[in-house]
Amino acid sequence: MDSVMNSIYPWLQTQWAQWNKHVRPLGHAYLLSSPKGIGIEQFVARVLQKTLCHQPTTQGACLQCQGCRLQQGNQHPDFYHLTRLDDKKEINVEQVRTLVGKLNETSHQGGYKVIWIDEVELLNQSAFNALLKTLEEPAPNTLFLLTTSDVGRLPETIKSRCQQLNFPPPLLKEAVDWLQLALPQTDLKLIQRALRLNWGAPLDALAWIETKQFEEDAQWKEGLSQLQQGQKTASQVVALWLKWPNPVVVFDYFYLWSVSAVRSVVYATEQNVRLEQGVFLQNGLAFQQATLQAKQCWQGNANKELVLETLCLEWLEVQQSSEFFKSVFQSNYQKGMLS
Ligand SMILES: [Zn+2]
């Protein structure tokens with residue numbers, strides 16, 4: 001047996017073992033809820049392999065039968081993948097109707113049909129209604145797998161039609177161990193930073209390291225230090241960041257900076273927190289809010305350069321000032337001035 005095909009990330013193993021207790025799925029619809037970047041796609045792939053296999057075991061798919069061979073070539077006719085189209089923000093009702101139409105044809109291989117809807121929270125209202133109808137009148141031997149990283153956006157009616165499986169984020173140690181195995185040459189500190197910047201998601205952290213985004217991280221730090229020392233202006237610093245393929249990550253850098261700044265004050269060993277520290281704590285928290293609001297401005301219609309320059313200057317102010325800090329991003333009026 002090909003162990004790679006049936007292997008699964010360590011943090012998905014508990015759920016996989018539970019799933020494997022049954023040779024056939026118990027229900028017809030499962031809602032898999034997980035944070036982004038932990039590889040839920042792999043779990044879906046394993047469930048799919050096993051369900052379409054003609055002789056599955058409690059270990060997973062046999063990897064030998066016709067069903068398994070069709071899947072290995074990614075051409076199983078009884079598997080349907082519904083996802084957001086590249087240029088769209090939502091999944092529309094036409095997509096759901098087309099899917100339902102195909103489901104009404106008989107199964108090509110005489111077994112299960114498996115439908116995977118990923119980012120199911122992106123269905124619009126009429127798409128949800130169309131899906132709900134299908135879930136309410138399940139055809140035999142049909143398995144729906146719905147995945148989401150934002151379960152709160154799903155209508156109760158959809159949730160109540162599904163069995164829910166929740167996938168918590170991996171433990172930090174588990175993620176670090178896995179990354180060290182995946183990237184044996186990589187420094188532990190870098191692995192830890194990659195995980196922090198990617199909200200503990202191991203696959204995102206892996207991609208962050210593999211695509212050398214730590215170079216951007218270093219450029220961000222260097223830019224701020226040059227700004228602080230008066231060697232560069234905010235607009236010079238920002239101009240470099242804006243050349244990155246995905247400059248919006250700057251807001252995560254600033255956010256995490258503020259988290260550790262606040263932490264350093266909260267966990268300060270001195271018995272009496274001095275006044276300046278009190279101000280710094282307040283300002284760190286205010287800046288943390290400011291990064292989130294600045295990110296929203298950025299994602300809206302604001303002038304991107306101006307948003308980042310303003311945030312840089314606010315960062316500098318928080319470092320240097322002993323006065324209470326008030327971000328321009330906290331007032332809608334001022335936000336308007338940034339656009
Ligand atoms: Zn098989």
>> Can you give me the long-range amide H partners of GLY111? Hydrogens built in the peptide plane at 1.01 Å from N, cutoff under 5 Å, separation of 5 or more residues or another chain.
In response: none
> For region 204-274, what are the per-bin percents of Cα-Cα distances with bins 5 Å wide, up to the bin holding the maximum?
Replying inline: 3, 14, 20, 20, 16, 12, 9, 5, 2, 0
> Do the sum for the chain: with -39,500 (n - 2.57) for every DSSP H run of n ≥ 4, divided by all residues, what is the mean residue ellipticity at 222 nm, to the nearest 500 deg cm²/dmol?
Replying inline: -16000 deg cm²/dmol
> Which of the pairs LYS89/LYS189; LYS212/LYS326; LYS36/LYS159; LYS21/LYS113 have their Cα atoms more than 27 Å apart in this structure?
Replying inline: LYS89/LYS189; LYS212/LYS326
> Which cross-chain or sequence-distant (5 or more) residues have an amide H under 5 Å from the amide H of LEU123, H modelled 1.01 Å from N in plane?
Replying inline: ILE91
>> Taking only the Cα atoms of region 144-193, how large is their convex hull per residue, in Å³?
In response: 106
> If one takes the longest principal axis of the Cα atoms in the chain, at what angle in degrees, from 0 to 90 and to the nearest 10, does the Cα axis of helix 40-52 lie?
Replying inline: 0
>> Please report the projected area of the chain's Cα convex hull averaged over all directions, in nm².
In response: 21.4
> What angle do you read, to the nearest 10 degrees and between 0 and 90, between the alpha-carbon axis of helix 214-228 and the longest principal axis of the chain?
Replying inline: 20
>> Please list log₁₀ I(q)/I(0) at q = 0.09, 0.11, 0.17 Å⁻¹ for region 212-337, using the Debye equation with identical point scatterers on the alpha-carbon positions.
In response: -0.25, -0.38, -0.89
> So how tilted is helix 275-299 from the main axis of the chain? Cα-based, degrees 0 to 90, rounded to 10.
Replying inline: 50
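FYI, it's all coordinate maths here, none of it is from the lab. The structure presented is a predicted model; accordingly, all values stated were derived computationally and were not measured.
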